[in-house]
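A short write-up of the structure that comes next.
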Ligand code: ATP
Ligand code: MG
């Protein structure tokens, strides 16, 4: 098993191709210190999701290694890896059940107080309390009870409660209003604090939050630096 991690991540000379025989990553090296936030940006097909796929071991590299705290992730169980790497996906995953159950999905033993605290930290508490049954409000998988922005904040609350050392965030491209945008940015700050994160970022406001921005093009890193440098 992977021991309790601190969250340093290294992609060491990664080469990867899907079955197509066309390389999706052509020698990627990224060195991430614990607690750092990385924004991955680049055109469609540039390799952003592929980097994330390798970190979660949905695939293994053809060449090179992915290390967490210096440990090659191929040498630990997938369960122990994934239990410490949290993902917030673009297509926010909501299941039929109460808001409360949706938030505590990653940590079933969480108390009500912990659930409320997580929701407050990501600014989801107020809208939840304005729903007819508050935290007991029933939502549907594809239902319209929640707006896109509200779904996103809910998934942030879930991720915060699960408290992974490494967090992956695949940002939605869907347009949201300015007020929600501000809330999401505030929530993001709370969520990133104290953990290593990789964000597939589309919004400039998100990219600004990152300690390091990595620009990919055709499976290669073409630019790297912080917001001021780029
Ligand atoms: P987007 O912004 O559209 O999400 P991306 O930067 O995440 O793009 P990737 O999904 O990493 O890009 O794709 C990198 C390359 O690998 C592309 O050429 C893509 O067509 C190819 N690719 C991605 N997933 C697969 C797959 N499951 N099977 C075969 N090829 C794939
Ligand atoms: Mg992608």
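Just checking, which of 118, 113 is modelled with pLDDT of 95 or more and within 21 Å of the chain's Cα centre (by Cα)?
118 is the lone residue from the list that is modelled with pLDDT of 95 or more and within 21 Å of the chain's Cα centre (by Cα).
With the condition kept exactly as written, say whether any residue in the stretch 39-55 is assigned by TED's automatic domain parsing to the domain that holds residue 194, modelled with pLDDT of 95 or more and away from ligand 2 (no atom under 16 Å from the Cβ).
The answer is no, given that none of the residues of the stretch 39-55 is assigned by TED's automatic domain parsing to the domain that holds residue 194, modelled with pLDDT of 95 or more and away from ligand 2 (no atom under 16 Å from the Cβ).
Restricting the first residue to the stretch 23-49 and requiring it to be in contact (Cβ under 8 Å) with a residue 24 or more places away in the chain and more than 19 Å from residue 204 (Cα to Cα), which pairs with a second residue that is in a loop (DSSP other than H, G, I, E, B) and near ligand 2 (Cβ under 9 Å from one of its atoms) meet a Cβ separation below 7 Å and a spacing of at least six or different chains?
24/47; 25/47
Could you list all residues from the stretch 19-38 that are closer than 16 Å to residue 197 by Cβ and away from ligand 2 (no atom under 16 Å from the Cβ)? Walk me through it before giving the result.
Step one: list which residues in the stretch 19-38 are closer than 16 Å to residue 197 by Cβ, which gives 30-38.
Selection gives 30, 31, 32, 33, 34, 35, 36, 37.
Exactly one condition in (1) assigned to a strand (DSSP E or B); (2) modelled with pLDDT under 95; (3) surrounded by fewer than 18 Cβ atoms within 10 Å (Cβ to Cβ) is false for residue 3; which is it?
Status for residue 3: all satisfied but (1).
Out of (1) over 30 Å from residue 80 (Cα atoms); (2) within 16 Å of ligand 2 (Cβ to nearest atom); (3) in contact with a strand residue (DSSP E or B) (Cβ under 7 Å, 6 or more places away or on another chain), what's the single condition that is false for residue 146?
(2)
Given the condition touching a strand residue (DSSP E or B) at 6+ places or on another chain (Cβ under 7 Å), surrounded by 14 or more Cβ atoms within 10 Å (Cβ to Cβ) and part of a strand (DSSP E or B), answer yes or no: does some residue in the stretch 180-196 qualify?
Looking for residues that are touching a strand residue (DSSP E or B) at 6+ places or on another chain (Cβ under 7 Å), surrounded by 14 or more Cβ atoms within 10 Å (Cβ to Cβ) and part of a strand (DSSP E or B), one finds at least one in the stretch 180-196, hence yes.
Under the condition of being free of Cβ contacts under 8 Å to residues at least 40 places away in the same chain, part of a loop (DSSP other than H, G, I, E, B) and surrounded by 14 or more Cβ atoms within 10 Å (Cβ to Cβ), which residue from the stretch 203-229 is nearest to the chain's Cα centre (by Cα)?
203
Mind telling me which of the residues 73, 68, 52 ends up being within 16 Å of ligand 1 (Cβ to nearest atom), crowded, with 19+ Cβ neighbours inside 10 Å, closer than 14 Å to residue 166 by Cβ and within 19 Å of the chain's Cα centre (by Cα)?
Sole residue among the options that is within 16 Å of ligand 1 (Cβ to nearest atom), crowded, with 19+ Cβ neighbours inside 10 Å, closer than 14 Å to residue 166 by Cβ and within 19 Å of the chain's Cα centre (by Cα): 52.
The values are calculated or read from the model by the stated rules, or taken from the named source; none is laboratory data. From a predicted model like this one, the values you see are computed outputs, not experimental measurements. Every residue, glycine among them, receives a Cβ derived from its backbone with ideal geometry; neighbour counts consider all protein chains shown.
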